Amino acid sequence: MQSDAIVAEGYGNLLQLVLFHPQAVHSTYATTGEEDAADFSIRSPFPTVHLLREEDVMRAVRGSEEAGGKMDLRGLPAKNKAKLRALGAQRCADKLAECYRN
């Protein structure tokens with residue numbers, strides 16, 4: 001819905017919208033009933049909107065590739081999910097809960 005508004009207003013090639021939420025999940029069709037630790041890659045203590053300039057995102061990707069691919073930004077989401085799954089959903093939930101204790 002939000003991304004559609006960006007495209008409808010003609011900003012689709014200029015902006016990326018990234019949403020984070022305390023209860024966000026990657027798949028709204030997950031049927032296992034078990035929490036996937038990978039979902040914590042899109043969670044935040046409070047609902048948060050990141051508005052990114054496409055130009056800046058692409059500059060970062062190109063810069064990484066020009067530096068010999070030392071940092072594979074295209075593979076970063078998969079790496080983040082794997083790391084979170086290795087930590088486990090409970091550990092991730094505990095870390096998120098720590099944000100509310102202060």
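Annotations
- Scan of the stretch 4-60 for residues that are open to solvent by less than 60 Å² (accessible area, probe 1.4 Å), over 19 Å from L73 (Cα atoms) and either among the small types (G, A, S) or in contact (Cβ under 8 Å) with a residue 40 or more places away in the chain (or both), ordered by number: A5, G10, G12, P22, A24, S27, D36, A37, R43, S44, P45
- In a residue-by-residue description of the stretch 62-73, the property of being at pLDDT 90 or above and either at positive phi or acidic (D, E) (or both) applies to no position.
- In the stretch 22-55, the residues that are in contact with a Lys or Arg (Cβ under 9 Å, 6 or more places away or on another chain) and modelled with pLDDT under 90: H26
- Contact annotation: residue pairs with Cβ atoms under 8 Å, 6 or more positions apart or on different chains, pairing a residue in the stretch 81-102 that is assigned to a loop (DSSP other than H, G, I, E, B) with a partner that is surrounded by 11 or more Cβ atoms within 10 Å (Cβ to Cβ) and not small (G, A, S), are C99/P45; Y100/P45.
The values are calculated or read from the model by the stated rules, or taken from the named source; none is laboratory data. Computed from a predicted model, the values in this text were never measured in an experiment. A quick note on method: Cβ atoms are made from the backbone with ideal geometry, for glycine too, and the neighbour counts reach across all protein chains shown. Each accessible area value is taken on the protein alone, full model and side chains, heavy atoms only, with ligands, DNA and RNA left out. Shrake-Rupley method; radii C 1.70, N 1.55, O 1.52, S 1.80 Å.
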